[in-house]
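The values are calculated or read from the model by the stated rules, or taken from the named source; none is laboratory data. This structure is a prediction, so every number in the text was calculated from the model and none was measured. Cβ atoms come from the backbone with ideal geometry, glycine included; neighbour counts cover every protein chain shown.
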Amino acid sequence: MLFLHRITVENFGPFKGIQTIDFPPEPGVVLIYGENMRGKTTLLNAIRYAFYGYVRSRGDHEIDLAKIGNWEAAAEGVYGFRVVLEFDYKGTPYELTRQCRPRPGITTPVSSLEYAQDTLLRCGADVLGPEQRDRILAQVLPEKISRFFLFDGELLQQYEELLREESNMGRQIKESIERILGVPVLTNARADMRELYRDAQGQEGKAAQRDQRTREFGNHHQALIDERTCHESELLRLAGEREALYSRWKAIEDALKKSERLKALLSERDALQNDIIVIDQKVTEKRARIRDLMVEAWRWLLHPQVHDLIRAMEVRIEVLRAKETEFAVASEKLKATDAAIDSGSCDSCKRPLDPETLITFRTRADSLRALLKEKVPAEEFTALLHRLATLKEFLAPDHTAVLKELNLSLDDLRVERATKLDRIEEIQEQTRNIDESEIRKLSSDHERIGQEIAILDQGIQGETRIIQELTDSIRRVQNQLDRLGGADLAKERRRRETCEHLLNLFDQAVGEYRDRLRSKVEEDATSLFLRLTTESDYLKLKINENYGLTIIHKDGVAIPVRSAGAEHIVALSLMGALQRNAPLRGPIIMDSPFGRLDQGHTTRVVRSLPCMADQVLLLVYEAELEPRLARNELMAQLKGEYKLVRKSARHSVIQPYTE
Amino acid sequence: MTNPMTELEGTVERVRSKLFPELPSDLVRSILQSESECVESRTEAMRLVGAAIQAFLDSQET
């Protein structure tokens, strides 16, 4: 249990000279008010600097030490800075000093390379040696879990990642959560026991080799262990390679997810470009068809005249045909008339012709002969038929309707093309500053690494199977050795059995402890959440494998999406639950945590702060948390109030708060 | 508030007494203590755990 007593800063950020905050020894809340740019985040960073020797910006980048010292002090020729933390850890008082000063011979340092850092840890009157100092500091507030003790509003937003399966950040936060809950105590014990068990197996084999009666089994045992060690090394190599590849694959996947909209736009653009290629092909085909049709089109212009001509020719042919018929009839009549004149009798009734009739016959024969003198123009008739056939051939089918259809369809295609081009322009505008090749590379890398991981998985499966087979074989040889063996072997066997039992014990305990923790964290987080939230329809929080928390409505349905404010409330509930269940405990130091909360939630959070940790230090601005509200809600739990007062843009002073 | 370290030890003790009663609880507690103090120093933890087991085995022989 870590408890802060005092922090002293000297020329650290806006805090010029030596300035101190005393924390009362009783559990409770200390409030430090400060408007923007007065040094609230700097105070959080001063604590971080004291423990870890670095300072981070809001964007989580490490800040160059040369930029941390007070500017006014530097202008007066005083470079460097110092932070002193006085605290209790497991009931023992410590004083931690970390300072940064110019290296000897450097009068005006400009980069961190020109500064030297000293870290001093006192325990009572003793100054601890570097090794002991580092060992204690690693226990007091391990860096990996600092996010649960030193945080701001931005950090609270990250806990949503725990609800995302396979999120890299979620995995890191889960590791931190398990670290604060003490799970590594058990997982490390299990790993150590596995290693010691392997050693014990080796020792047992060696002992068997030393004894005449068991040498043969001992040699076999040792050979199997050596072989298994080789496969274990290979498995380790493959697993390491897989983990590295998987991290890259995950990072690429995260990047790809972020660029999903962009990818969708680029895919849309590619599809549009393909559509335009298809449209252009259609346009080319239709234009070729129009060109082909237009070769014959001039004939269609002459169709009316040609039709008139054909009609006239057909009339003339009819006339000629009629004349031909008339000639034939006249010729037959003339033949009959001439025969009657020649025979002097009627050809039909055979009666003799009287003179008067004969004269009539002769007159008719003359007129028929006169008629037959006019010849039918056979050449004209043939020529007419030939010309008629030619003209009919000339009349090619009329494709005007098809041409019209084609032209309309060309217009449609033109409009479609223009619309698609416009959309492409729009997409190009939206993706103007995006490195498209980078995204394409990400996609191909993602696929390639995925395939490599699949190959590694096959290798891992193969090695795991072989190792299991070898382990079974080792076990069989051990059983045979158990039946033989001397005193030396019996001793090593006891070691091996003890290690094996311990390994199985910790293996079993890891699962049980995790299950128990999850259930307790869920229970405590729910209890805190129901105190913090103003929404009475919320029933509980439900924990997942990653310690991610989902809000459950009283109708039993999970709330799928939550606001930034709700996210803060859930994250604070998780923080409180972790503090309650963590073997490692310490003060919670929050920087501007109420920015996204309404007054109702702020009031409830303030009221619940004493339940979250024994010692809470709040860095806030007055509009975020009114001092009167804080006093009303915290009452006796409010142990101290300070204010960061402006002297100049580069100089703030820490003062006890007065109205 | 419960003592979480006791919670962890309690879980391990429950498993020990149920499944591995032949293992002494002192030895298990000693291993947990070493692991708890040396989370950031794995080599040291392994050395301490190995020493605890050796001490236990030695005590069995005498």
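Six or more apart or on different chains, Cβ under 9 Å: which pairs go from a residue in region A:92-117 that's over 17 Å from A:Lys67 (Cβ atoms) to one that's among the polar types (S, T, N, Q)? Could you list them?
Close Cβ pairs satisfying both conditions: A:Leu96/A:Thr119; A:Thr97/A:Thr8; A:Thr97/A:Thr119.
Is it the case that region A:110-118 has a residue that's of a type outside the set (A, V, I, L, M, F, W, C), touching a Lys or Arg at 6+ places or on another chain (Cβ under 9 Å) and at pLDDT below 85?
yes
Looking at region A:582-612 only, could you name the residues that are within 14 Å of chain B (Cβ to nearest Cβ) and in a loop (DSSP other than H, G, I, E, B)? If you could, list the steps in order and put the result at the bottom.
Filtering region A:582-612 down to residues within 14 Å of chain B (Cβ to nearest Cβ) leaves A:582-586, A:610-612.
Within region A:582-612, A:Ala582, A:Pro583, A:Leu584, A:Arg585, A:Gly586 qualify.
Within region A:115-222, considering only helices (runs of 4 or more DSSP H) that don't extend past its boundaries, which have at least 2 residues that are under 28 Å from B:Glu7 (Cα atoms) and of a type in the set (A, V, I, L, M)?
Details: elements: A:130-140, A:153-157, A:168-180, A:183-210.
In region A:115-222, A:130-140, A:168-180, A:183-210 are the helices (runs of 4 or more DSSP H) which contain 2 or more residues that are under 28 Å from B:Glu7 (Cα atoms) and of a type in the set (A, V, I, L, M).
Does at least one position in region A:153-164 carry a residue that is modelled with pLDDT under 85, buried (at least 20 other Cβ atoms within 10 Å of the Cβ) and within 14 Å of chain B (Cβ to nearest Cβ)?
Checked against the condition, which is being modelled with pLDDT under 85, buried (at least 20 other Cβ atoms within 10 Å of the Cβ) and within 14 Å of chain B (Cβ to nearest Cβ), region A:153-164 yields no hits at all.
Go through (1) facing chain A (nearest Cβ under 7 Å); (2) touching a helix residue (DSSP H, G or I) at 6+ places or on another chain (Cβ under 6 Å) and name the single condition B:Leu48 misses.
In the conditions (1) facing chain A (nearest Cβ under 7 Å); (2) touching a helix residue (DSSP H, G or I) at 6+ places or on another chain (Cβ under 6 Å), B:Leu48 misses (1) alone.
Going through region A:281-295 one residue at a time, which ones are touching a residue at least 40 places away in the same chain (Cβ under 8 Å) and more than 15 Å from A:Lys404 (Cα to Cα)?
A:Lys282
Identify, please: which residue in region B:8-45 is of a type in the set (Ser, Thr, Tyr) and more than 8 Å from chain A (Cβ to nearest Cβ) and is, among those, nearest to the chain's Cα centre (by Cα)? Give the derivation first.
Narrowing region B:8-45 to residues of a type in the set (Ser, Thr, Tyr): B:11, B:17, B:25, B:30, B:34, B:36, B:41, B:43.
Among the residues that remain, those that are also more than 8 Å from chain A (Cβ to nearest Cβ) are: B:17, B:25, B:30, B:34, B:43.
Details: B:Ser17: 13, B:Ser25: 7, B:Ser30: 4, B:Ser34: 7, B:Thr43: 16 Å.
The qualifying residue nearest to the chain's Cα centre (by Cα) is B:Ser30.
Counting only residues that are more than 45 Å from the chain's Cα centre (by Cα) and touching a residue at least 24 places away in the same chain (Cβ under 8 Å), how many does region A:24-53 have?
We begin by selecting, within region A:24-53, every residue more than 45 Å from the chain's Cα centre (by Cα); these are A:24-26.
When the remaining residues are screened for being touching a residue at least 24 places away in the same chain (Cβ under 8 Å), the result is A:24, A:26.
Matching residues across region A:24-53 total 2.
Looking at (1) in contact (Cβ under 8 Å) with a residue 12 or more places away in the chain; (2) not in a helix (DSSP H, G or I), which is the only condition A:Lys350 fails?
All conditions pass for A:Lys350, except number (1).
The rows are residues; the columns are (1) surrounded by 13 or more Cβ atoms within 10 Å (Cβ to Cβ); (2) out of contact with any Gly (no Cβ under 6 Å at 6 or more places or on another chain); (3) more than 30 Å from A:Gly170 (Cα to Cα).
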site: A:Phe87; (1), (2), (3): yes, yes, yes
site: A:Gly91; (1), (2), (3): no, yes, yes
site: A:Tyr94; (1), (2), (3): yes, yes, yes
site: A:Arg101; (1), (2), (3): yes, no, yes
site: A:Ser111; (1), (2), (3): no, yes, yes
site: A:Ala116; (1), (2), (3): yes, yes, yes
site: A:Thr119; (1), (2), (3): yes, yes, yes
site: A:Arg122; (1), (2), (3): yes, yes, yes
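For B:Gln54, which of the numbered conditions (1) within 9 Å of chain A (Cβ to nearest Cβ); (2) surrounded by 15 or more Cβ atoms within 10 Å (Cβ to Cβ) fails to hold?
Tallying (1) within 9 Å of chain A (Cβ to nearest Cβ); (2) surrounded by 15 or more Cβ atoms within 10 Å (Cβ to Cβ), B:Gln54 fails exactly one: (2).
Please work out if A:Arg311 is modelled with pLDDT under 90 and in a helix (DSSP H, G or I).
Judged against the criteria, A:Arg311 is not a match.
Here are the criteria: (1) of a type in the set (A, V, I, L, M); (2) in the same structural domain as A:Val477 (by TED's automatic domain parsing); (3) at pLDDT 85 or above; (4) surrounded by 22 or more Cβ atoms within 10 Å (Cβ to Cβ). Tell me which single one A:Ala208 does not satisfy.
It is condition (3) that A:Ala208 fails.
Looking for whichever is buried (at least 17 other Cβ atoms within 10 Å of the Cβ), within 14 Å of chain B (Cβ to nearest Cβ), touching a strand residue (DSSP E or B) at 6+ places or on another chain (Cβ under 9 Å) and modelled with pLDDT of 90 or more here; the options are A:Gln615, A:Gln579. Which one fits?
Values: A:Gln579 fails: modelled with pLDDT of 90 or more.
Going through A:Gln615, A:Gln579 in turn, just one is buried (at least 17 other Cβ atoms within 10 Å of the Cβ), within 14 Å of chain B (Cβ to nearest Cβ), touching a strand residue (DSSP E or B) at 6+ places or on another chain (Cβ under 9 Å) and modelled with pLDDT of 90 or more: A:Gln615.
Take region A:486-495 and flag every residue that is surrounded by fewer than 21 Cβ atoms within 10 Å (Cβ to Cβ) and in a helix (DSSP H, G or I). Outline the logic, then answer.
Going residue by residue through region A:486-495, those that are surrounded by fewer than 21 Cβ atoms within 10 Å (Cβ to Cβ) are A:486-488, A:490-491, A:493-494.
The answer is A:Ala487, A:Asp488, A:Ala490, A:Lys491, A:Arg493, A:Arg494.
Taking only region A:340-370 into account, find how many residues are within 28 Å of A:Glu324 (Cα to Cα) and at pLDDT below 85.
Of the residues in region A:340-370, 3 are within 28 Å of A:Glu324 (Cα to Cα) and at pLDDT below 85.
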